[in-house]
Ligand code: FA5
């Protein structure tokens, strides 16, 4: 048995010296230290050895196994080190992982552009709640209950007196009741209406603007809007003021811009009219001033509310407003 142990040691040392990769290392481990390995066999044969030799042989086998285990561990450390030194196990031809870059939504970009133009004209920015009371959305704007103008708004009601604001005009009353004229304010934000087709979405954005002072006239309104449209599009962009009706302005107008899809010839987007409506405007009605305790004999003012998605459609030549909200990255990445 002693001879068998010595032979085993020699054989194991030769095998260990020949190891040059991780697979061979693993095969060695299984061969010598596995459950069916030579040490297990030798221990079983120990029972057949003369009784007085057994402790010596057992000790020898154990020492041999431990020493071999030590040399195996050293070999393992050397091999891992030399594999690492031979260079990283990386495939440098693999393409790198791209970190996707986020961008502002096109409607947000246009919204910021609109606000920057008005801020450049001296307007300050005010923000208010999306969930609004019936009072600010309607009553304060001279639209009492049962007024037919309420039908124009396709309102989402939360309960009898609370709703999702249908326009940004409630900000007129909210700001005016807390500040004294002169005022020059824009109020950007989301608004909601039960409405959906190629030029309407149930949630869209408006920017409200209003200016209150002494001796403000309709000419001031036209001047401000013309400057805005020239800056947003270009000097040559055709616009028209069309008489209209809003209960909170008198006189009132809707402002159209020449359809950029068809150059004003008439198409599906402009419903064959050659024009696209982008905003509503007018001189603030004295009834609105009375609700916020402004003296209509002293002060006058104008207000306008523009549709941000409509402007984004014109600016980017998009013919269906719903594309903005389908979250198709192929569409959004273009901006
Ligand atoms: C109003 O909302 C008034 N509050 C505007 C106003 C403010 C008038 C101040 C006078 C003084 P109107 O419902 O027309 O008006 O909407 C204004 C603009 O929002 C429209 O010109 C249009 O560009 C846009 N708009 C209206 N409905 C939708 C919709 N469902 N989807 C997208 N844009 C819309």
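Figures for the structure shown
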| item | result |
| --- | --- |
| Segment residue 145-residue 119, length gained on full extension (0.36 nm per residue, minus Cα span) | 5.8 nm |
| FRET efficiency, residue 103 to residue 130 (Cβ-Cβ, R0 25 Å, nearest 0.05) | 0.55 |
| Most to least packed among 309-317, 148-156 [average Cβ atoms within 10 Å] | 309-317, 148-156 |
| Least to most buried among 205, 147 (fewest other Cβ within 10 Å first) | 147, 205 |
| Sorted by Cβ density within 10 Å, fewest first, the residues 262, 194, 270 | 194, 262, 270 |
| Cα centroid separation - the stretch 108-152 against the stretch 264-282, whole Å | 22 Å |
| Kirkwood-based Rg to Rh ratio, the stretch 106-332, C-alpha trace | 0.95 |
| For 118, 233, order by how many other beta-carbon atoms lie within 10 Å, fewest first | 233, 118 |
| Calculated over the stretch 62-159: convex hull of Cα atoms, volume per residue (Å³) | 366 Å³ |
| Cα centroid of the stretch 167-189 to Cα centroid of the stretch 21-63, whole Å | 91 Å |
| Added length on full extension, which subtracts the Cα-Cα distance from 0.36 nm per residue, residue 30 to residue 75 | 14.7 nm |
| Paramagnetic reach from residue 156 in the stretch 173-200 [backbone N under 20 Å; point 7 Å along Cα→Cβ] | 188-200 |
| Rounded Å value of the spacing that divides the Cα centres of the stretch 288-322 and the stretch 206-251 | 8 Å |
| Three-way shape label, the stretch 238-321, alpha-carbon gyration tensor, a/c 1.5 | prolate |
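Just so you know, all these numbers are worked out from the coordinates, no wet-lab data involved. The shown structure was predicted, so the numbers you read here are calculated from the model rather than taken from an experiment. Cβ atoms come from the backbone with ideal geometry, glycine included; neighbour counts cover every protein chain shown.
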